[in-house]
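None of the figures in this text is laboratory data; all of them are computed from the coordinates on show. It should be emphasised that the depicted structure is a prediction, and the values quoted were computed from it without experimental measurement. Quick reminder, even Gly has a Cβ in these numbers, built from the backbone with ideal geometry, and neighbours come from all protein chains shown.
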Amino acid sequence: MEDIKAGLEKAVRVMKIEVEAGEQEKLSAELDQFLQWLKPMLDLETEGADQVLVAHDRISVVRKDEARQADQAELQEAAPDFAGGFYQVPPIIE
């Protein structure tokens with residue numbers, strides 16, 4: 001836990017942010033809890049394991065992703081609501 005406190009103090013100093021003593025204690029406890037959760041994964045032996053670059057071996061058969069020049073007027077007409085130079089979207093937060 002002392003290593004976590006020292007690391008947190010250094011991070012706060014380097015980032016030049018203000019963190020009150022109470023907040024710093026809370027952050028230290030949360031970081032310690034996170035590291036305890038992470039420890040079993042860090043202790044796993046991975047020597048000799050194959051590297052995984054993707055989560056699956058499937059190929060997308062939907063379409064090839066190609067960049068193309070877009071016609072702005074056509075895009076604006078296709079939009080459900082375009083006004084004043086902006087695409088209008090429904091609010092997602094009340």
Q | Per-residue ³J(HN,Hα) for the range 47-55, Karplus 6.51 cos²θ - 1.76 cosθ + 1.60, θ = phi - 60°, Hz, x for Gly and Pro | A | 4, x, 6, 5, 6, 10, 9, 9, 7
Q) What is the calculated FRET efficiency for residue 2 to residue 45, with r their C-beta to C-beta distance and R₀ = 22 Å, to the nearest 0.05? A) 0.20
Q: Work out the length of the dipole vector of the chain about its Cα centre, built from +1 on the beta-carbon of each Lys and Arg and -1 on the beta-carbon of each Asp and Glu, and round it to the nearest 20 debye.
A: 220 debye
Q) Which lysines does residue 16 reach when only Cα atoms under 28 Å apart count, and residues fewer than 8 places away in its own chain are ignored? A) 5, 26
Q) Using the 10 angstrom Cβ neighbour count as an exposure proxy, how do 92, 17, 4 rank, fewest first? A) 92, 17, 4
Q: Could you pull out every residue, at least 5 positions away or on a different chain, whose amide H is within less than 5 Å of the one on residue 82? Hs are placed 1.01 Å off N in the peptide plane, and Pro or chain starts have none.
A: 88
(Q) For a quick check: sort 71, 50 by the number of other beta carbons within 10 angstrom, fewest at the front. (A) 50, 71
Q: Among 23, 47, 66, determine the one that fluctuates most according to a GNM of the chain built with springs between C-alpha atoms less than 10 Å apart.
A: 66
Q. When 64, 5 are ordered from fewest to most other Cβ atoms inside 10 Å of their Cβ, what list results?
A. 64, 5
Q. Taking only Cα atoms, what is the 0 to 90° angle, nearest 10, from helix 21-42's long axis to the longest principal axis of the chain?
A. 80 degrees
Q | 24 Å Cα-Cα reach of residue 64 towards lysines, excluding residues that sit fewer than 8 places from it in its own chain | A | none
**Q.** Helix axis angle, 2-15 relative to the chain longest principal axis, alpha carbon, degrees
**A.** 50 degrees
